[in-house]
1. So what is the calculated 222 nm ellipticity per residue for the chain, using -39500 (n - 2.57) for each DSSP H run with n of 4 or more, over all residues, to the nearest 500 deg cm²/dmol?
2. For the pair Leu37 and Thr16, what calculated FRET efficiency results from E = 1/(1 + (r/R0)^6), where r is the Cβ-Cβ distance and R0 = 25 Å, to the nearest 0.05?
3. Considering the options Leu27, Ala43, Leu60, tell which one lies farthest towards the positive end of the dipole of the chain, charges being +1 on Lys and Arg and -1 on Asp and Glu at the Cβ, about the Cα centre.
4. Under a point spin-label approximation (7 Å from Cα along Cα-to-Cβ), what is the Val44-Arg61 distance to one decimal in nm?
5. Report, in degrees rounded to the nearest 10, the 0 to 90 angle that the Cα long axis of helix 36-63 makes with the longest principal axis of the chain.
6. Would you kindly find the accessible area of Val24, with a 1.4 Å probe and non-protein molecules such as ligands, DNA and RNA excluded, rounding to the nearest 10 Å²?
7. Among (1) 12.6, 37; (2) 11.4, 30; (3) 13.2, 48, which one is Rg and Dmax of the Cα atoms in Å computed from these coordinates?
8. Quick check: net charge around Ala43, other residues with Cβ under 11 Å of its Cβ, Lys/Arg +1 and Asp/Glu -1?
Amino acid sequence: MRLLIALILPWLTFFTIGRPIAGVICLVLQLTIIGWLPATIWAVYGLGQYKTDRKIEKALRQRT
């Protein structure tokens, strides 16, 4: 679901993963037609990083 949001409304993705400042910057970028594609790529990348961070946290909790 977040991937779909990242493709349609990239700035909203950052708010859902707890990065509101990046969300505001992404919104400003997205407001330009040329900036839509970089904003989308950035949102998908940020979402991938978020998922990776969650997996690492889960593995560390299981290790302890």
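The values are calculated or read from the model by the stated rules, or taken from the named source; none is laboratory data. Bear in mind that the values here come from a model prediction, so they are computed numbers and not experimental data. Heads up, the Cβs are rebuilt from the backbone with ideal geometry, glycines too, and the neighbour counts pull from every protein chain shown. Just the protein is used for accessible areas: all its heavy atoms, side chains included, with ligands, DNA and RNA removed. Shrake-Rupley method; radii C 1.70, N 1.55, O 1.52, S 1.80 Å.
1. -26500 deg cm²/dmol
2. 0.75
3. Towards the positive end, the residue furthest out is Leu60.
4. Inter-label distance under the simple model: 2.9 nm.
5. Tilt relative to the chain: about 10 degrees.
6. Surface accessible to solvent at Val24 totals approximately 80 Å².
7. (3)
8. Local charge sum for Ala43: +2.
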